[in-house]
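Below is one structure, written out as structure tokens; comments come after it.
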Amino acid sequence: MHRRSALATLAAFSALFRSSLAGASTQPLLQSLKPSPRMPVLFVGHGSPMNAIEDNAWRRGWQAMGKELLARQAAPQLIVCISAHWLTQGWQVTAMAQPQTIHDFGGFPQALQDVQYPAPGAPAVARALAQEIKVPSGDKLALDPDHWGLDHGAWSVLKPMFPKADIPVLQLSMDYSRPPAEHFALGRQLHALRSRGVLVVGSGNIVHNLRATRNGSGPNETYDWAREFDTVVQDQIKKGQLDQLHKFQSLGAVAQQAHPSHDHYLPLLFAAGAARPDEMPRFFNTGFQEASISMRSVLWG
């Protein structure tokens, strides 16, 4: 009986999400954004905050990707960013006109503390998004008018990619108490926004174990468990098995070593949800930082 009940609940959620996507073209939010060629989706491995200011391979990879995106037929009208560093009870979206640059770390040089990324917000779009996103728990997507802003998971990658800070940015929080499948399901609802000039960016890391870092390690130096987990995820993405990514905990000890806590993995689920299984992925910034942080990043579309 419990199994039948669980299956019925999952089917109901799936029907809700399909209905939301099917009716997306009539939603007020999509009507308020100009039609555009379908925007790509990014998952970016962000690693150390120092990558935002150091001249290293990771930052140069972000800079090159930003130039490529801006050289396309149409530039993004809006960025929706899901960062590993905004965890909330329930889901929230930033709704302020001028999001603050949050330096949510300690022990780093003043030069990093001084970085600002003054991208505008989009309060009207945030209000519409809060009305249209269907949260699986049954709660509303809440508006944050003045508390958060853009944390380093967002600005550390967006600043190298879009240094003019002239594209409005909304940040979407993650409810860490909810199962990974729900994060993927929310990401699916973002897919329709791509045809209205919205660039979806997930920012985390496919492998993230700070307790196992080794300073001075090269990009190809890592642990067997880190390489194994990174390879499994890479293969699922290559094969278009995006709906399998939320089952990562079934890998057991390897998954636990790759993610003692899985906050840095969840943004991948949002990005994968917003992508299409038949879209050819392109990997960049492959390699590891300090042995236990996978910097692997993915572009769909």
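Assuming K67 fulfils every condition listed in (1) touching a helix residue (DSSP H, G or I) at 6+ places or on another chain (Cβ under 8 Å); (2) assigned to a helix (DSSP H, G or I); (3) at pLDDT 95 or above; (4) open to solvent by 60 Å² or more (accessible area, probe 1.4 Å) apart from one, which condition is it?
Every condition holds for K67 apart from (1).
Check every one of the helices (runs of 4 or more DSSP H) wholly within segment 78-184 and list those with 3 or more residues that are closer than 27 Å to Q249 by Cα and either free of Cβ contacts under 8 Å to residues at least 40 places away in the same chain or open to solvent by less than 60 Å² (accessible area, probe 1.4 Å) (or both).
On the way: elements: 110-113, 123-132, 152-161.
Per the criteria, 152-161.
Of the residues A111, A142, A119, which single one is under 21 Å from Y176 (Cα atoms), modelled with pLDDT of 95 or more and of a type outside the set (D, E)? Step through it out loud before you land on a result.
Working: A111 fails: under 21 Å from Y176 (Cα atoms); A119 fails: under 21 Å from Y176 (Cα atoms).
After applying the criteria, what remains is A142.
Tell me, yes or no, whether segment 6-20 has at least one residue that is in a helix (DSSP H, G or I) and at pLDDT 70 or above. Don't jump to the end; show me each part of the working.
Kept after step one, since they are in a helix (DSSP H, G or I), are these residues of segment 6-20: 6-20.
Remaining after also requiring at pLDDT 70 or above: none.
No, segment 6-20 contains no residue that is in a helix (DSSP H, G or I) and at pLDDT 70 or above.
Mind checking whether some residue in segment 233-250 is farther than 22 Å from A192 by Cβ, within 15 Å of the chain's Cα centre (by Cα) and open to solvent by less than 10 Å² (accessible area, probe 1.4 Å)?
No, segment 233-250 has no match at all.
Which condition does S261 not pass, out of (1) open to solvent by less than 20 Å² (accessible area, probe 1.4 Å); (2) closer than 20 Å to S48 by Cβ; (3) small (G, A, S); (4) within 17 Å of the chain's Cα centre (by Cα), if it passes all the others?
(1)
The values are calculated or read from the model by the stated rules, or taken from the named source; none is laboratory data. Not measured: the values here are computed from a predicted model. Note that each Cβ is placed from the backbone with ideal geometry, even for glycine, and that neighbours are counted across all protein chains shown. Accessible surface is based on the protein model in full, side chains and every heavy atom, while ligands, DNA and RNA are left aside. Shrake-Rupley method; radii C 1.70, N 1.55, O 1.52, S 1.80 Å.
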